[in-house]
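See below for the structure under consideration.
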């Protein structure tokens, strides 16, 4: 089972008629999907770095100078993919009724004493990358940490060079922020 | 003393079922393959024969399910079809499931393994024509209104399979309102519990069992007719299985049914490897229980409680999928605790919709999955579960596994299968207790609950009003039939634009249920399922999409209903502007920001279950204006939402009778929104510093502090990660 790149482009752009989309949903899945997907996305970005894994509407893990970083399609870079990219984003926290009601008016509005709706934007292009609704005080969620070496090595059968340890390094960032902040405040 | 001879078992080759079960599990452990089938060949040797075999079995289950629908008198069965049938191996392992509510793929079989483990073969006896009934979630199940009818299938003198039917009951004796009492705290309040009880022999329900039901239940006739419909369906399937055995041979039947499980296990691993990406996925579900103002029978239950349920899914390089709920807060005296086995129900129903949707889903679909045993005394594993009511685990479970669908959808998206992305939310509803329009005292709940919009996919908007995670077939049937069962009039079903999870692709649109109590003399009401009182929105938006709006439960009481009718004033039939709904001119709107436990309701009151929808996907200001125009033209959205959320300027052309998009103004609005985001947004580090101070100073609602405390009490890992994220001192405590 395989589809043309044009069919997949139309699928991703919402241009395929429902009958065709349904057919793609119902049939056995196409084994070459990932490669064609990445090819399509690579053709659409303006920068040269190789896309290793798309991780959102605008974000990709790319290979750059022996490192693997998260990059927006506008070119903005968020750093090591094992560090939650949200830590390098702009945030707008809807933490008051006024801010929440811009999106959720009247009876649709959650309680700002309990709920915080956090919006993470790209500092480069201001695209809204993620909306996170959590209880007040809940740590920023690291939605997805791929085991990218296992993916390429074990599942795609073409290992990547420069294997990285599969490890969340985000807490190093926040611990460092804490140290700096406490020094400044002292 | 006479020498005791070892009793011949009813299992394969004279083994007991217990021996078969032990052998089966040992072989799985030793080989990693179901029943030790390392080289499946029976099905592969003759694929056409195998295909015919499988579909003959599946057809018998589907037609058996339809048989039950024709016999039953319950609209849950006839209209909504909340039932399912499954075929199981002698060890209790699912081979195939009919269409229908496939929550119970594993749970039905877990009842059989429990019976085997408790030596039913010798102590209770398992014979041809025996009828067993079960509904105790402590053994295996979701909640007690899901009743399992279990029937062994013998061939010659050996047991070769089980057929099981599950039916959602309108009444199993729980303390109403409704059949799934929210305020139930203690086990007894759930109603009758059947612990794999033998309710009949020789294909006939025992008279003493019928008497117990007739005395115990308000809706005894419906309950017993459901049993009869299940028994009839089971007999139908049993006899068809025997026909299949006659045709294919018993040896082929035994081997092929086991290979169906092993082949599905292998297929599932292949699907996981083909469609996802290995790694760690995370999310969190907050469970909100506001019971302080609710009448309850047990004082420790009378309090407001928040609980965190963090969720981590690890997709491992070997193609296994592991769920871990470490950090889940403590159990409590309420009906919303979950059992570890109950979690499998949530996973089962989702996995047949997300991965194993080709009709071949069975235990093999779940074998590559692991749910780590939740911490003892967490809300997902209370040690006192035998004392607790277990009628409402759906509330947390729907939210957990709706999010899980979205999490798995993230994996599909990254792999390029954007068309498979979706998520769900829980929903709300109303249950009643009192006298119906015919003067009969009884619990009441209508079926129009799953009427919210499903999450956006990666290639289009979500399904409107049809995203009920608990069953793949969302169909409440004919509403007029429900009006016969509940003293209420169907007032309206109008799509609610503000329910939507906005995004480049939006979620589906929800329909609030608005029903007027009619010829309802006296009684009480309560919420159902998710209970519609959330102060915290589920974290269900994907890649820049927003979660749907807050879920609400309202009770509307007209000031003078008769006067309104006399003056021909319009009755309330839509939410309209959500800013104004609470301020009705001719009625009081009771707006619950707590769990609607048991409130007095009166004739002509309007019960409103105002569901929010699931999540949108992508940045709303990237939404194609053509999609928005279509929504405007069909009334699924309005100009305010278009402008404020999507930054699309539109105006209605009276002459052309359609909406027109102002492309120039839209472009300006979107450019302005990007500028606004850059000016309003702050680097996360800046926000983090302020928020950290709030955490350090414990400047949060006491319920939140207690919620974090509860999770920290049970999980060192959660505590450490919380401290690491906020860079808190080691001795910090909440």
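Once the stretch B:232-262 is narrowed to residues that are touching a strand residue (DSSP E or B) at 6+ places or on another chain (Cβ under 6 Å) and buried (at least 18 other Cβ atoms within 10 Å of the Cβ), the residue that is farthest from residue B:193 (Cα to Cα) is B:245. The single condition among (1) farther than 30 Å from residue B:90 by Cβ; (2) surrounded by fewer than 23 Cβ atoms within 10 Å (Cβ to Cβ); (3) free of Cβ contacts under 8 Å to residues at least 60 places away in the same chain that residue B:278 does not meet is (2). Counting only residues that are more than 22 Å from the chain's Cα centre (by Cα), in a strand (DSSP E or B) and either more than 7 Å from chain B (Cβ to nearest Cβ) or on the phi > 0 side of the Ramachandran plot (or both), the stretch A:88-139 holds 0 of them.
The listed residues are B:385, B:351, and the only one of them that is under 15 Å from residue B:404 (Cα atoms) and at pLDDT below 95 turns out to be B:351. Applying the condition of being part of a loop (DSSP other than H, G, I, E, B) and at the interface with another protein chain (Cβ under 9 Å from one of its Cβ atoms) to the stretch B:614-633 and asking which residue is farthest from residue A:108 (Cα to Cα) yields B:624. For the condition within 12 Å of chain A (Cβ to nearest Cβ) and modelled with pLDDT of 95 or more, residue B:611 does not qualify.
Note on the stretch B:696-734: residues that are modelled with pLDDT of 95 or more, in a loop (DSSP other than H, G, I, E, B) and either in contact with a strand residue (DSSP E or B) (Cβ under 7 Å, 6 or more places away or on another chain) or closer than 15 Å to residue B:329 by Cα (or both) amount to 1. Of the listed requirements (1) in contact with a helix residue (DSSP H, G or I) (Cβ under 9 Å, 6 or more places away or on another chain); (2) part of a loop (DSSP other than H, G, I, E, B); (3) away from every other protein chain (no Cβ under 14 Å), residue B:502 misses just one: (3). Scanning the stretch A:140-161 for residues that are within 7 Å of chain B (Cβ to nearest Cβ), in contact with a strand residue (DSSP E or B) (Cβ under 7 Å, 6 or more places away or on another chain) and touching a residue at least 60 places away in the same chain (Cβ under 8 Å) returns A:144, A:145, A:146.
Whether a residue is over 25 Å from residue B:647 (Cα atoms) and surrounded by 18 or more Cβ atoms within 10 Å (Cβ to Cβ) was assessed, and residue A:87 passes this test.
Checking each residue in the stretch B:194-231 for being assigned to a helix (DSSP H, G or I) and crowded, with 19+ Cβ neighbours inside 10 Å picks out B:213, B:222, B:223, B:226, B:227, B:229, B:230, B:231.
Give me a count of the residues in the stretch B:117-142 that are out of contact with any strand residue (DSSP E or B) (no Cβ under 8 Å at 6 or more places or on another chain) and buried (at least 24 other Cβ atoms within 10 Å of the Cβ). Residues flagged as out of contact with any strand residue (DSSP E or B) (no Cβ under 8 Å at 6 or more places or on another chain) and buried (at least 24 other Cβ atoms within 10 Å of the Cβ) within the stretch B:117-142 amount to 2.
Let's see how each residue does on (1) free of Cβ contacts under 8 Å to residues at least 12 places away in the same chain; (2) in contact with a helix residue (DSSP H, G or I) (Cβ under 7 Å, 6 or more places away or on another chain); (3) farther than 30 Å from residue B:427 by Cβ; (4) facing chain A (nearest Cβ under 10 Å):
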{"site": "B:254", "(1), (2), (3), (4)": "no, yes, yes, no"}
{"site": "B:271", "(1), (2), (3), (4)": "no, no, no, yes"}
{"site": "B:301", "(1), (2), (3), (4)": "no, no, no, no"}
{"site": "B:305", "(1), (2), (3), (4)": "no, no, no, no"}
{"site": "B:308", "(1), (2), (3), (4)": "no, yes, no, yes"}
{"site": "B:325", "(1), (2), (3), (4)": "no, no, no, no"}
{"site": "B:333", "(1), (2), (3), (4)": "no, yes, no, no"}
{"site": "B:338", "(1), (2), (3), (4)": "no, yes, no, no"}
{"site": "B:344", "(1), (2), (3), (4)": "no, yes, no, no"}
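The residues of the stretch B:83-116 that are surrounded by fewer than 24 Cβ atoms within 10 Å (Cβ to Cβ) and more than 24 Å from residue B:10 (Cα to Cα) amount to a single one, B:99.
On the stretch given as the stretch B:634-648, residues that are more than 11 Å from every other protein chain (Cβ to nearest Cβ) and loosely packed, with under 14 Cβ neighbours inside 10 Å total 2.
Checked against (1) more than 10 Å from chain A (Cβ to nearest Cβ); (2) over 26 Å from residue B:183 (Cβ atoms); (3) in contact with a strand residue (DSSP E or B) (Cβ under 9 Å, 6 or more places away or on another chain), residue B:283 passes all but a single condition, namely (1). Could you tell me how many of the residues in the stretch B:651-662 are under 43 Å from the mean Cα position of the chain (by Cα) and exposed (fewer than 11 other Cβ atoms within 10 Å of the Cβ)? Result for the stretch B:651-662: 1. Considering only residues in the stretch B:661-699 that are in contact (Cβ under 8 Å) with a residue 24 or more places away in the chain and more than 15 Å from residue A:139 (Cα to Cα), the one that is farthest from the other protein chains (Cβ to nearest Cβ) turns out to be B:663. In the set A:14, A:79, only one residue is surrounded by fewer than 20 Cβ atoms within 10 Å (Cβ to Cβ), in contact with a helix residue (DSSP H, G or I) (Cβ under 8 Å, 6 or more places away or on another chain) and within 8 Å of chain B (Cβ to nearest Cβ); that residue is A:14. Scanning the stretch A:21-64 for residues that are within 9 Å of another protein chain (Cβ to nearest Cβ), under 26 Å from residue A:131 (Cα atoms) and surrounded by fewer than 15 Cβ atoms within 10 Å (Cβ to Cβ) returns no hits.
If you go through the stretch B:408-454 and pick out every residue that is more than 14 Å from every other protein chain (Cβ to nearest Cβ) and part of a helix (DSSP H, G or I), you end up with 0.
Note on the stretch B:320-376: residues that are within 25 Å of residue B:180 (Cα to Cα) and assigned to a strand (DSSP E or B) total 1. Quick check on residue B:440: is it buried (at least 24 other Cβ atoms within 10 Å of the Cβ) and farther than 19 Å from residue B:351 by Cβ? For residue B:440, the condition - buried (at least 24 other Cβ atoms within 10 Å of the Cβ) and farther than 19 Å from residue B:351 by Cβ - is not met.
So in the stretch B:539-560, with the set limited to residues that are farther than 30 Å from residue A:55 by Cα and either touching a residue at least 40 places away in the same chain (Cβ under 8 Å) or at the interface with chain A (Cβ under 7 Å from one of its Cβ atoms) (or both), which one is farthest from the chain's Cα centre (by Cα)? So, considering only residues that are farther than 30 Å from residue A:55 by Cα and either touching a residue at least 40 places away in the same chain (Cβ under 8 Å) or at the interface with chain A (Cβ under 7 Å from one of its Cβ atoms) (or both), the one farthest from the chain's Cα centre (by Cα) is B:558.
Exactly one residue out of B:293, B:271 is part of a loop (DSSP other than H, G, I, E, B) and either crowded, with 21+ Cβ neighbours inside 10 Å or more than 20 Å from the chain's Cα centre (by Cα) (or both): that is B:293.
The values are calculated or read from the model by the stated rules, or taken from the named source; none is laboratory data. Nothing here was measured: the structure is a model prediction, and the numbers come from that model. Note that we place each Cβ from the backbone using ideal geometry, even for glycine, and neighbour counts take in every protein chain shown.
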